[in-house]
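*Asks:* Would you mind keeping the following structure in view while I ask a few things?
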Amino acid sequence: AAAAAAAAANARFHSLLSARGVALEDDWDTAMRKVVGHPDYSILSTLGEKKACFESWREAQRMVAEEAVRAEARLRKVEFLRLLRRPESGVTSRTRYSSASERLSSAAEWRALDQNSDEREELYEEFCSSLARKEEAELRAAREAKLADARKLFLKEGVGLDAQWRKVHSALCDEPELKSLDKLDRLAAFEAHIQGLEEEEAQAREASRASQRRLERKKRDAFRAAVAAVWEEIPAGGSALTPATVWKEAAPMLEKTDAYTECLDQPGSSPQDLFEDFIESKREEYKAHKQRLEEVLQRSIPQEARPPPPHTVSAEEFETAIRKADATGATASVPSRSVLFYHSEAVAAASRETAAMESSIRKAQRAAIETFQGALRGLMGATLTASTVWEDASSLIEGKALASSLAESLQRQAFDELVAEMVAEEAEEAVAREAAGEEERKRQKRDRRERRRAEEGD
């Protein structure tokens, strides 16, 4: 409130100074003599306040006066430029300042700038420069319009990309659109026309390529959708896609679809690439599902509530058991497909383990049999022939360590195999002897024939 009152008092004192005819050049004493008798003189209580208010008033008046001077100078410049724009002034962009001065020096607008002739000449030169720029712009616009008309003519006459300028110019040189241009501009218009055709052709090619890319992308999307549809299916009597399915297994199911055929003959990802990308994404999903299932199987759960080993029950029984054992709901988001695949993996792993164990047993058994056969050969020596019977061998090893090294049934098997080998070896030797005898008879026959021929020759 005090600040508002002080501002109002200052404003009334300002008004008092202006109303009593205080001039800008008046000093403090002169100004006070003009206002001292007025009632508003005492609106400011101290002499310091009055003097400060006087100085602020004088500064404001000085700014008003300076602005008035500037406005007057601007007005003189505006009037001077209006003088130059008048048609009767005869001023063009090429008129010299000295010529204009001789012609216009009597005009009031010209004389108004007599006190600053340098500024007047500068204004004149700026005006001529602006005229020159305007004229150049008009000339450019006129030239562009003529060039545009020439390009329209070329377009109308069907001038194509393969056209030769010499032939085009010879055919169209009498047309008004070309006659209005000089030779260089005619050629420039032709080149601009050809460039425009090239750009249009390039845009058309790019639009065609973009359209082709969109079509190819739609075909790939359609094939992905076909793969997803086959993934969701569980065919009766057949095998569904799983995270472990390879392209060779899936191809017969997908080759029947139109999406597969349409995707074959286009660049980019092949149907196999798209399928493998899809299966890879499903494999990553399954890894997360498998982790949740194994978390449930590894928890500390009472024996009666623990799910049975997957390979000991059916897939449906395993799913029911593991979901029942999941108290935290970790498997709620795991689809049945992933549970079934986990079960099939576990069954396959158990089968591989069983097969590996059986193979190991068979190898150990085979090694034991071969050891027994070697020991039996060493024990019986030359008495072991193809005609030896098991009872002879059995009575020989009875009571020895060799008899307890192998089950009796396997001992008999080892003996039978050994005898069979010896029978085969004897048969091979008999065949070899027969072949050797036959060869010897043939040799003797040849020798007799050669001796007879030699005697007949003598």
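*Asks:* To test your reading of the geometry: what angle, between 0 and 90 degrees and rounded to tens, separates the Cα axis of helix 117-156 from the longest principal axis of the chain?
*Replies:* 40
*Asks:* Per residue, how large is the accessible surface of region 1-103? Use a 1.4 angstrom probe and give square angstrom.
*Replies:* 64
*Asks:* Can you work out the FRET efficiency for the pair SER336 and ALA403, with r the C-beta to C-beta distance and R0 = 45 Å, to the nearest 0.05?
*Replies:* Result of the calculation: an efficiency of 0.20.
*Asks:* Pairs LYS219/LYS290; LYS248/LYS282; LYS256/LYS287; LYS219/LYS282: which are spaced more than 27 Å apart, C-alpha to C-alpha?
*Replies:* In this structure, LYS219/LYS290; LYS256/LYS287 lie more than 27 Å apart at Cα.
*Asks:* Another question about this same structure. Any idea how far apart THR46 and ALA192 come out in nm if each label point goes 7 Å out from Cα toward Cβ?
*Replies:* 7.7
*Asks:* A further question on this structure: Only helical DSSP H runs with n ≥ 4 go in: add -39500 (n - 2.57) per run for the chain, normalise by residue count and round the 222 nm mean residue ellipticity to 500 deg cm²/dmol.
*Replies:* Roughly -25500 deg cm²/dmol at 222 nm, from the helical runs in the chain.
*Asks:* On each of the three principal axes of the Cα atoms of region 357-452, give max minus min coordinate, whole Å, ordered largest first.
*Replies:* 70, 33, 17
*Asks:* Provide, in order from the shortest bin, the percent of all Cα-Cα pairs of region 122-225 in each 5 Å bin, continuing until the bin that contains the maximum pair distance.
*Replies:* Going from the shortest bin to the longest, the percentages are 2, 11, 15, 13, 9, 9, 8, 8, 8, 6, 5, 3, 2, 1, 0, 0.
*Asks:* Over the chain, what percent of the accessible surface lies on carbon and sulfur atoms, probe 1.4 Å?
*Replies:* So the carbon and sulfur contribution to the accessible surface is 52 percent.
*Asks:* Now for a separate question. Could you check the simple spin-label distance between ASP258 and THR383, using points 7 Å along Cα→Cβ, in nm with one decimal?
*Replies:* 8.7
*Asks:* Name the residue from ALA348, ALA430, VAL64 whose Cα lies farthest towards the positive end of the charge dipole of the chain, charges +1 on Cβ of Lys and Arg and -1 on Cβ of Asp and Glu.
*Replies:* Most positive-ward Cα: VAL64.
*Asks:* Based on the inverse mean of 1/r over its pairs of different Cα atoms, what is the Kirkwood hydrodynamic radius of region 325-406, in Å?
*Replies:* Evaluated on region 325-406, it is 17.5 Å.
*Asks:* Moving on to the next point. With +1 assigned to the C-beta of every Lys and Arg and -1 to the C-beta of every Asp and Glu, and no other charges, what is the dipole magnitude of the chain about the Cα centre in debye, to the nearest 20?
*Replies:* Here the chain has a charge dipole of around 1720 debye.
*Asks:* If you bin every alpha carbon distance in region 96-139 into 5 Å steps from zero, what whole percent lands in each bin?
*Replies:* 5, 21, 26, 23, 11, 9, 5, 0
*Asks:* How many nm is it between the label spots at GLU126 and ARG143, if each spot is 7 Å from the Cα in line with the beta carbon?
*Replies:* About 2.8 nm separates the two model spin labels.
*Asks:* To the nearest 10 degrees, how steep is helix 47-85 against the longest Cα principal axis of the chain, on a 0 to 90 scale?
*Replies:* 80
*Asks:* For the chain, what is Rg from Cα atoms divided by 2.2 N^0.38 Å, rounded to two decimals?
*Replies:* Normalised by 2.2 N^0.38 Å, the Cα Rg of the chain equals 2.61.
*Asks:* Let me ask you something else. So if we plug the beta-carbon distance of GLU353 and VAL313 into 1/(1 + (r/R0)^6) with R0 = 22 Å, what FRET efficiency do we get, rounded to 0.05?
*Replies:* 0.85
*Asks:* Please list log₁₀ I(q)/I(0) at q = 0.14, 0.15 Å⁻¹ for region 204-302, using the Debye equation with identical point scatterers on the alpha-carbon positions.
*Replies:* Here log10 of I(q) over I(0) equals -0.63, -0.69.
*Asks:* While we're on this one: Kindly express, to the nearest 10 degrees and within the range 0 to 90, the angle between helix 271-298's C-alpha long axis and the longest C-alpha principal axis of the chain.
*Replies:* Helix 271-298 sits at roughly 80 degrees to that axis.
*Asks:* Roughly how many Å² is the accessible area per residue of region 342-458, as a whole number, for a 1.4 Å probe?
*Replies:* 70
*Asks:* Then there is this: Just want to confirm a number: the relative contact order over the chain, from Cα pairs under 8 angstrom separated by 6+ residues, in percent.
*Replies:* 6
*Asks:* Any lysines with Cα under 18 Å of the LYS183 Cα? List them, leaving off those in the same chain fewer than 8 positions away.
*Replies:* Straight-distance partners of LYS183: LYS146, LYS152, LYS167.
*Asks:* To continue, here is another question. Find which of CYS53, ALA148, ALA31 sits farthest along the positive direction of the dipole of the chain, computed with +1 on the beta-carbon of Lys and Arg, -1 on that of Asp and Glu, about the Cα centre.
*Replies:* ALA31
*Asks:* Take the Cα atoms of region 192-231, find their three principal axes, and give me the spread along each one in whole Å, biggest first.
*Replies:* Sorted largest first, the three principal extents are 57, 5, 5 Å.
*Asks:* Still on this structure, please answer the following. Applying 1/(1 + (r/R0)^6) with R0 = 35 Å to the Cβ-Cβ distance of ARG94 and CYS173, what FRET efficiency is obtained, to the nearest 0.05?
*Replies:* 0.55
The values are calculated or read from the model by the stated rules, or taken from the named source; none is laboratory data. What you see is a predicted model; the values in this text were computed from it and never measured. Virtual Cβ from ideal backbone geometry, glycine too; neighbours counted across all protein chains shown. Side chains are part of the model used for accessible areas, which takes the heavy atoms of the whole protein and leaves out ligands, DNA and RNA. Shrake-Rupley method; radii C 1.70, N 1.55, O 1.52, S 1.80 Å.
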